[in-house]
1. Could you grab the relative contact order for the stretch 28-175? Cα pairs under 8 Å, six or more apart, rounded to a whole percent.
2. Given a Förster distance of 35 Å, report the FRET efficiency between Trp126 and Glu101 from their Cβ-Cβ distance, rounded to the nearest 0.05.
3. Just want the ordering: Asp109, Asp98, Asp128, from fewest to most Cβ atoms lying within 10 Å of their own Cβ.
4. Roughly what would the spin-label model give for Gln133 and Ala167, points 7 Å off Cα along C-beta, in nm?
Amino acid sequence: MVGSPDFLTGKGQDQGPELQELETPEGELHLRFFVASGDEFALPATGIRRIIEQPPDRITPVPNISPLLLGTLNEQGRVIWVADLGQFLGYPTPLNTDRAEIPVIAVEDQGTMLGLAVNQIVGTYWLDVEELQMSRNFPDTMAPFLRGEWLIDPQANRGLKLLDQVAILRSARWAA
């Protein structure tokens, strides 16, 4: 194929007289995921350092720390604290750690990195931040960490909540 004259000249059966327009995405890129309770959240892709999927035995428990923290994870020589994001946000259901791998979203701000353990990662999507709403009453345990919500299914009262990773990282809740 590489030696084909059509490949070298850029001509071939894939290209017709009209070129297909690439659709420009609207909004900003976000990572969508679920916590153990089944609620869906998003984080801006710009605040995510990496996504790690590790077996639970790679997360080392640490005694006498906040119950919100599952332990530490060594990722490429860097120690990352891993938290149960659902419990941090006030949900009573703990993350099921009896599974093959735990998805961890590593967020970073000014050199501080934290791993947020979630139930399931959905994927990345372009979302328009201009459509964010703050109309619903959120629990006091969650409200300081939300930037807003997109209504996905108004009839089912289902929304996609946008989290503020810097507020999560800087929270005094980690000292509790």
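Taken together, the values in this text are just the output of simple stated rules run on the coordinates, not laboratory data. Note that the coordinates shown come from a computational prediction; the quantities given were computed from them, not determined experimentally. Every residue, glycine among them, receives a Cβ derived from its backbone with ideal geometry; neighbour counts consider all protein chains shown.
1. Values: 298 pairs, mean separation 40.9, N = 148.
Relative contact order, the stretch 28-175: 28 percent.
2. 0.85
3. Numbers: Asp109 15, Asp98 5, Asp128 11.
In order of increasing Cβ crowding within 10 Å: Asp98, Asp128, Asp109.
4. 1.8 nm
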